[in-house]
1. Neighbour counts of other C-beta atoms within 10 Å: give me C452, C311, C82 arranged from fewest to most.
2. What order do you get for E404, E363 when you list them from fewest to most C-beta neighbours inside 10 Å?
3. Once label points are set 7 Å from the Cα along Cα→Cβ at both Q508 and V374, what is their separation, rounded to one decimal in nm?
4. Expressed as a whole number of Å, what is the distance separating the alpha-carbon centroids of region 455-522 and region 186-239?
5. Charges at C-beta only: +1 for Lys and Arg, -1 for Asp and Glu. How large is the resulting dipole of region 563-609 about its Cα centre, in Debye rounded to 20?
6. Which shape class, rounded, prolate or oblate, goes with region 456-506 when its Cα gyration tensor gives a ≥ b ≥ c as root eigenvalues, a/c under 1.5 marks rounded, and past that a/b bigger than b/c marks prolate?
7. What's the long-distance tail for region 366-608, i.e. % of Cα pairs beyond 27 Å?
8. From the phi angles alone, apply the Karplus equation (6.51, -1.76, 1.60; θ = phi - 60°) to region 347-357 and give each ³J(HN,Hα) in whole Hz, x where the residue is Gly or Pro.
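Each value in this text was obtained by applying a stated rule to the coordinates, not by laboratory testing. All figures in this text were calculated on a predicted structure; none of them were measured in a lab. Methodologically, a virtual Cβ is constructed for each residue, glycine included, from the backbone with ideal geometry; neighbour enumeration extends over all protein chains shown.
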Amino acid sequence: MLPVSYRDLESLDPVTPMPGQKAGYLFHRDRNGEWSRQYFYILPRGMLMQFAKGKDIQIANLNQTLLRTINMDSRDFVFEICSIEVYLMESILQASTKVEFEEWKAALFFWHPPDDEIPQIESLKVSTPPTKDKPFETIPLTEILRTHIWALDGSLFAKKHCFSIRSTHTQDVNYYTVSLKRTSTDQETFNSWLYALKFFAKAEVFGASAQLEYRLYRTFWIIVNDGRIQPKDLEAYCEIMLDDQRRARTSTRAKLVKGAEPDAPFWRDNFEFTDLSAVNKGITINVIQVKGSKLIPFGRTHIPVRSSADCDEGWYPILNNNDRTRSTEHLGDLRLKLKYEEQIVLPIANYADLLEIIVNFRENNVISKLAELVTDLEGFSKNVLRILEGKGLAVLWLNTLIDEEIAEALPTRVNTLFRGNTLLTKALDAYMRLVGTEYLDDTLGDILRAICKNKVACEVDPSKLEKHEDLKTQWRILMNHTRTCWRAVTESISHFPKDLPLVFSHLQRRLTEKFSGQGPPARTTAHDQDTGPELASLARYTGVSGFVFLRLICPAILGPKLFHIVREHPEPRPHRTLTLIAKSLQGLANLVLFGTKESWMVPMNEFIE
């Protein structure tokens, strides 16, 4: 007899399968480890049900679960379903045959895509199942140092929005993730959690008295470039450890890249770790060999820490994987660029005067004058931007910088506007990255991941075509992907970062005034030409598109890993495809047709026009 709540589905046309729905017998593992055959079914809204003892029992809402396939008790075809609505209640189910397994897998993952399966990671472990109204674990935040709560780099578990908490008493590290599915609010939720946790935790304060208190803000930057490793065909990745804690990992590489050492794995992955606790044991880079499904420790590079305002770059030896005090066998070298820095931070009251100067930027010119003196304009602009964003003044500051730069611009140099490295371009770059990263993933992420995964190749330069490649077919592929990206951008208006239009509308208005001759008088030279409506229209569009495409969308297409859209650097052929798409979109954004300089790209003018 079918369960009562499933009888309605009997009338469905069996020829027309219903995605995400399935019914049948599965083996169920109870808490005592005993297996029994039970009847399960999935309702239309993704509710997994069990029919037992004449009753319909709700097992899990598949929209709110952690889900993966596993091997358990020497059994194949096993699913682990973990509900996050009922204190991570776990269900273990097994299909009888491979066919049934694939059918159930398709139905279960319909509500929970495979990309969101539980990654094979160290996770929160509980010795006994939780009971009603009882949490897994009580964490006394007031006893934990703020520096023992840190954001995890997305590379470590191939998952965004994760953080760790180190126990003060046991030194155990637990890992947590804010959400299971990517949404536009995940980053905001993650930031809120991290801020709230650190708010209640203890600050690591030094000083002989309250008047002399300070804390240390520690930052570590590292770029893992490439390696000189034997054997030559070694496929490997690098794992970054701070004080013996795993903090990040590179992509897996074994490919030769032009410009790298001969037969060298080339990673070119960079990481930044902020607000660190004291790094007493130093930094260790573990090289992990990937051999089929096996991960084999290959060797390690150990680096003692020292604070420095400069970056150290060079080759560091890889030693065998024995205890580092006795390791002598030299297995190769890693080329690294790194910097560790400790900065003294005083109580906020000590910065009151400086903060007042910064927030009153419209009444003074201090920020612009300081920008002329600093050697790291990018870092300076980011720091000022963070302060003003925290005060709700970032948009107003950017609009002020726009006014200043346009006032100094020559009234006929439309095509060179905002191409230099100025305080405005650096600040707006940083702001677009700050508020636009999630937007890029939501808009272009699936498209770019598909191109990389499927290794899409569409070379259209006749001099670079392979013998078996047809130019017309290549152009058709390139046009289709370019139009797909363009359509994704034009259809993304509803979730475009809400504050950016405030900046760009101000930019458009000032450009129209400047290049139509309606604005205030500006400095001119003997080479200046008359302004007019056509020039104003050109400036109005290319000024905004120059920022949106040249500095946000096209860089994300060219380097999706740098924007955390893909986990690995694209291989050469899909990377070439992404380059051609970015080149085409940039031509459209600049309202410039391809000509004699790149005559092989002229067919793309059909799309631009």
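1. Details: C452 22, C311 13, C82 16.
By the 10 Å Cβ count, ascending: C311, C82, C452.
2. Values: E404 14, E363 8.
Going from sparsest to densest Cβ surroundings: E363, E404.
3. Going by the 7 Å Cα→Cβ label model, 3.1 nm.
4. Using only Cα atoms, the two centres lie 36 Å from each other.
5. On the way: 5 positive and 5 negative charges, 31 e Å.
Dipole about the Cα centre, nearest 20: 140 debye.
6. Working: a/c = 5.11, a/b = 3.27, b/c = 1.56.
It is prolate, given that a/c is not under 1.5 and a/b is the larger ratio.
7. The calculated P(r) of region 366-608 puts 43 percent of pairs beyond 27 Å.
8. Computed from phi, the couplings for region 347-357 are x, 4, 4, 6, 9, 4, 5, 5, 4, 5, 5 Hz.
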